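Visitor: Got a structure for you, questions after.
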Amino acid sequence: MSLILWLTISAVIIIAAVFFYVSKIIATPPLGRAQDYLVNPINKDQRLIACIGDSLTHGNIGQSWVDFLRNDFPDDIFLNEGINGNTAWQILQRLDPILDLRPDIVILMIGSNDAMGSFDKRSGVRYLRNNNLPEVPTFVKFKEHLSELIEKLNNVPRIVICTIPPLGENKNSLINNHVKKFNNLIKTTADQNNIELLPVSEEIWNDISKRTYPLKSDYNPNAIPIMRRIFGGIFHHYLLKKSWNDISEAKGQWILFDQIHLNERGAEIVFRLAKNFILKN
């Protein structure tokens with residue numbers, strides 16, 4: 001076997017191994033979900049706080065703000081009900097086990113995948129196929145699903161809903177104007193239902209204004225650039241042991257290391273807002 005052929009085969013094997021390693025991380029569900037507690041009774045003296053959302057809550061692609069809360073409130077139980085890639089419709093499909101546990105508090109942050117999936121036709125088709133959705137995500141459908149979510153959460157003693165973070169760090173981009181539409185709906189929904197709002201988007205934009213280096217690139221909705229950014233970030237964090245903040249800086253980002261997910265700095269913002277809400281009780 002020639003040296004070139006051997007090197008080529010070795011490179012393919014290494015790339016395949018990294019791909020499967022990263023894919024396994026992405027597919028691993030968070031610890032401490034409702035299904036874990038349905039078979040193990042919860043101490044009645046402990047508050048049960050359900051954090052519901054997508055990958056921004058899941059926290060294995062980027063920093064987990066739920067883990068920050070767990071560290072700060074060790075006497076409470078935090079359900080991490082964030083699943084990578086979920087839309088609002090998907091949360092509706094898995095809400096019953098969470099409600100069966102009768103949480104004292106629900107922190108809901110959902111809409112980023114609905115925004116990405118409704119941004120352009122190719123993104124919509126990709127979400128429809130990869131997430132086994134009944135239809136392509138749209139703003140109108142998100143409005144319906146969000147309303148249904150709030151209705152189903154009606155018996156939870158305390159609910160708070162978060163605005164969603166930006167996508168990329170260009171405030172005037174087409175995608176962030178699209179995200180703004182979703183956040184305006186979230187604010188209106190919170191106001192109409194007398195639900196407290198956590199201004200995650202606003203606080204993140206305030207922090208992005210502190211960025212000390214130039215923005216290198218804008219959000220790209222195409223599948224290959226998205227996966228390259230996500231897989232690259234996971235590889236550098238889990239294998240090369242770089243912090244999400246350092247990965248962000250290398251990519252010219254301040255909060256969103258891959259233009260979607262939160263680094264330590266971003267998770268700290270969500271944590272601080274959620275902590276202050278919890279302490280109001």
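Visitor: At 1.4 Å probe size, with no ligands or nucleic acids counted, give the accessible surface of VAL39 in Å², nearest ten.
Guide: 110
Visitor: Quick one: divide the alpha-carbon radius of gyration of the range 50-155 by 2.2 N^0.38 Å and tell me what you get.
Guide: Details: Rg = 14.3 Å, N = 106, 2.2 N^0.38 = 12.9 Å.
Here the Cα radius of gyration is 1.11 times the empirical estimate.
Visitor: Regarding the chain, what whole-number volume in Å³ per residue does the convex hull of its Cα atoms give?
Guide: Working: hull volume 42.5 nm³, N = 281.
Cα convex hull per residue, to the nearest whole number: 151 Å³.
Visitor: Further question on the same structure: Using only Cα atoms, what Kirkwood radius does the range 197-281 have, in angstroms?
Guide: After inverting the pairwise mean of 1/r, the radius is 13.8 Å.
Visitor: Can you give me the angle between helix 223-234 and the longest principal axis of the chain, using Cα atoms only, in degrees from 0 to 90, rounded to the nearest 10?
Guide: Helix 223-234 sits at roughly 80 degrees to that axis.
Visitor: Continuing with the same structure: In Å, what is the Rg of the alpha-carbon atoms in the range 84-143, and how long is Dmax?
Guide: Considering the range 84-143 through its Cα atoms, Rg and Dmax are 12.7, 40 Å.
Visitor: Put LEU101, LEU146 in order of accessible area, largest first, 1.4 Å probe: what do you get?
Guide: Values: LEU101 30, LEU146 0 Å².
Sorted by accessible area, descending: LEU101, LEU146.
Visitor: About the Cα centre of the range 161-281, how large is the charge dipole given +1 on each Lys and Arg Cβ and -1 on each Asp and Glu Cβ? Please answer in debye to the nearest 20. All intermediate terms of the calculation are to be shown ahead of the outcome.
Guide: Numbers: 16 positive and 12 negative charges, 35 e Å.
For this selection, approximately 160 debye.
Visitor: Hey, got the dipole for the chain? About the Cα centre, +1 on K and R Cβ, -1 on D and E Cβ, debye to the nearest 20? Intermediate values should be presented prior to the final figure.
Guide: Working: 31 positive and 29 negative charges, 143 e Å.
Dipole of the chain, to the nearest 20 debye: 680 debye.
Visitor: Shifting gears a bit: Just to check, using Stokes-Einstein with a Kirkwood Rh over alpha carbon pairs, what's the diffusion coefficient of the range 103-261 at 10 °C and 1.306 mPa s in µm²/s? Display every interim value, and only then the final one.
Guide: Details: Rh = 16.9 Å.
This corresponds to a translational diffusion coefficient of 94 µm²/s.
Visitor: So, one more: Loop only by DSSP, 13 or fewer other Cβ within 10 Å of the Cβ. Give me the trypsin sites (Lys or Arg not before Pro) in the range 148-183 that pass, ordered by residue number. Intermediate values should be presented prior to the final figure.
Guide: Values: sites: LYS152, ARG158, LYS171, LYS180, LYS181; in loops: LYS171.
Listed in order of number, the matching sites are LYS171.
Visitor: Put one equal scatterer on each alpha carbon of the range 131-192, apply the Debye formula with no solvent term, and list log10 I(q)/I(0) at q = 0.20, 0.25 1/Å to two decimals.
Guide: Result of the Debye calculation: -0.90, -1.13.
Visitor: For the range 166-209 and the range 91-161, what is the centre-to-centre distance using only Cα atoms, to the nearest Å?
Guide: So the two Cα centres are separated by 16 Å.
Visitor: So what's the net charge close to VAL136: Lys and Arg +1, Asp and Glu -1, counting the other residues with Cβ under 11 Å from its Cβ?
Guide: Details: positive: LYS121, ARG122, ARG126, ARG129, LYS141; negative: ASP114, ASP120, GLU135.
After counting each charged neighbour, the total is +2.
Visitor: Heads up, I need the accessible area for MET109: 1.4 angstrom probe, whole protein in place, Å², nearest 10.
Guide: 0
Visitor: Residue farthest toward the positive end of the dipole of the range 77-219, with Cβ of Lys/Arg at +1 and Asp/Glu at -1: which of GLY124, LEU149, ILE204?
Guide: Of GLY124, LEU149, ILE204, it is GLY124.
The values are calculated or read from the model by the stated rules, or taken from the named source; none is laboratory data. Here the structure is a predicted model, which means the values were calculated and not measured. Glycine gets a Cβ as well: all are built from the backbone with ideal geometry, and neighbour counts include every protein chain shown. Ligands, DNA and RNA are stripped out before the accessible areas are found, and what is left, the full protein with its side chains, is counted by its heavy atoms. Shrake-Rupley method; radii C 1.70, N 1.55, O 1.52, S 1.80 Å.
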